[in-house]
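Some notes on the structure that comes next.
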Amino acid sequence: MTFLDLKQKEVINCKDCKRIGCVADLEIDPCDGRICSLIVPAPVRFFSIFGKCIRYCIRFCDVVRIGPDIILVDVCLDDVIMEDD
């Protein structure tokens, strides 16, 4: 599986069955080349265009299953938020 394959899949949270978004980037451990986490941007709302960029950093151990169309994760969204100025 390539990064482009992962990038086309939607990420769904198992806790509340809501769509988180699509994979935008990966965090990779440079020592052994393993995927540490998936970076998923939060859905853009109308007034958040001028505000902070919110992304979710989902650890790879929280991935439940990678299917043909979606990636299922089991996370609390409040714990995985990364904010950029």
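Restricting attention to the stretch 1-14, the residues that are in contact with a strand residue (DSSP E or B) (Cβ under 9 Å, 6 or more places away or on another chain) and part of a loop (DSSP other than H, G, I, E, B) add up to 4.
Within the option set 72, 4, being at pLDDT below 95 and at negative phi holds for one residue only, 4. Scanning the stretch 36-63 for residues that are open to solvent by less than 30 Å² (accessible area, probe 1.4 Å) and modelled with pLDDT under 85 yields a single hit, 42.
The values are calculated or read from the model by the stated rules, or taken from the named source; none is laboratory data. Computed from a predicted model, the values in this text were never measured in an experiment. Cβ: placed from backbone, ideal geometry, glycine included. Neighbour counts: every protein chain shown. Note: areas computed on protein heavy atoms with side chains; ligands, DNA, RNA excluded. Shrake-Rupley method; radii C 1.70, N 1.55, O 1.52, S 1.80 Å.
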